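This structure is in structure tokens; I'll ask about it shortly.
The values are calculated or read from the model by the stated rules, or taken from the named source; none is laboratory data. For clarity, every value in this text was computed on a predicted model and none was experimentally measured. Note that each Cβ is placed from the backbone with ideal geometry, even for glycine, and that neighbours are counted across all protein chains shown.
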Amino acid sequence: MRTFHHILVPTDFGPAALAAQELALDLASGDATKITLLHVWSVPTYAYAEALSWPTDEIESSARTELTKELGALKARHANSEMVLLFGAPWESILATAKARGIDLIVMGTHGRRGLPRLILGSVAERVLRLSPIPVLTVPNADE
């Protein structure tokens, strides 16, 4: 079995992302493997939302708090873990982080959206899968 040295786990704090963390822990070979939790926050870009003012400081602060909490739980089980919080398009930030940090595996949850929700919201996992030069392992949301 191949040994991975640095695993990236993007998270939106949902059940599929937590399942991806569990799988990353299973794939990590002890503390020699670093696990990086990544959360990418953004504000809605829908046409009707452009006139609204978004509390970006509050959104970022809330994301940082949640990510710090997830990192604490992960570090209790895998000491060689870190977190990265970014603003931007999730799929672009995932790929950029993987390249910048020398990631050799991305493990990410997928919502499994279909139809209109997928058309409107897009699929971050699908874009990452299509464009990533490194292996991507997707984990479905067991609740859906």
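Considering segment 61-103 alone, what residues qualify as being crowded, with 16+ Cβ neighbours inside 10 Å and not aliphatic (A, V, I, L, M)?
E66, E70, H78, S81, P90, W91, S93, T97
Next up: Taking segment 8-27 on its own, how many of its residues are closer than 12 Å to D104 by Cβ and either within 11 Å of the chain's Cα centre (by Cα) or part of a loop (DSSP other than H, G, I, E, B) (or both)?
1
Still on this structure: If only one of I103, I94 is assigned to a helix (DSSP H, G or I) and β-branched (V, I, T), which one is it?
On the way: I103 fails: assigned to a helix (DSSP H, G or I).
Of I103, I94, the one residue that is assigned to a helix (DSSP H, G or I) and β-branched (V, I, T) is I94.
Of all residues in segment 58-91, which are outside any helix (DSSP H, G or I), modelled with pLDDT of 95 or more, under 15 Å from the mean Cα position of the chain (by Cα) and of a type in the set (A, V, I, L, M)?
M83, V84, L85, L86
In segment 106-138, which residue that is under 16 Å from T11 (Cβ atoms) and modelled with pLDDT of 90 or more is surrounded by the fewest Cβ atoms within 10 Å (Cβ to Cβ)?
Filtering first and then ranking leaves L137.
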